[in-house]
Amino acid sequence: MMERLLDEITLTLEMLPELESSTVVRDYVRGNLIKRQLYKNIMAKRDAQSSLLYQVQHGHQTDIDYLNGYFLKRAKRIGLDLRMNKLMTDMVKAKTLQTRQRINTDVRIEETSLSPQHQGSSYRHYWSA
């Protein structure tokens with residue numbers, strides 16, 4: 001999945017009209033240097049918990065639209081179909097919504113402790129001293 005996500009992002013970069021005349025960017029993207037660099041950065045952080053995962057697990061607003069949104073919008077404008085990035089964005093949003101619904105339906109229970117003197121005659125000892 002990660003490979004396809006990176007393929008779609010690099011294809012989008014390669015097709016952007018404003019980068020068309022830049023030989024440096026074109027060589028970086030077409031030579032797979034950017035893909036290797038992105039992969040290296042991702043793998044270097046693989047043991048760290050991502051902020052996106054934390055946001056999803058706690059039902060917080062995610063930054064998925066910022067992270068993938070740019071590429072999705074630009075790809076749409078130039079006629080590219082980023083199915084994997086769209087799928088990933090939709091999955092993150094769905095999981096976040098599911099977490100929010102679970103959090104909002106939890107019933108909070110508060111436990112209070114009353115000492116025997118506060119419970120009066122209704123308190124019964126089940127042990128002997």
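Per residue, the convex hull spanned by the Cα atoms of region 2-104 amounts to 98 cubic angstrom.
Counting 0.36 nm for each residue step from Arg26 to Leu38 and taking away their Cα separation leaves a gain of 2.7 nm.
Every number in this text was worked out from the coordinates using simple rules, so none of it is lab data. Remember, predicted model here, so these are calculated numbers, not experimental data.
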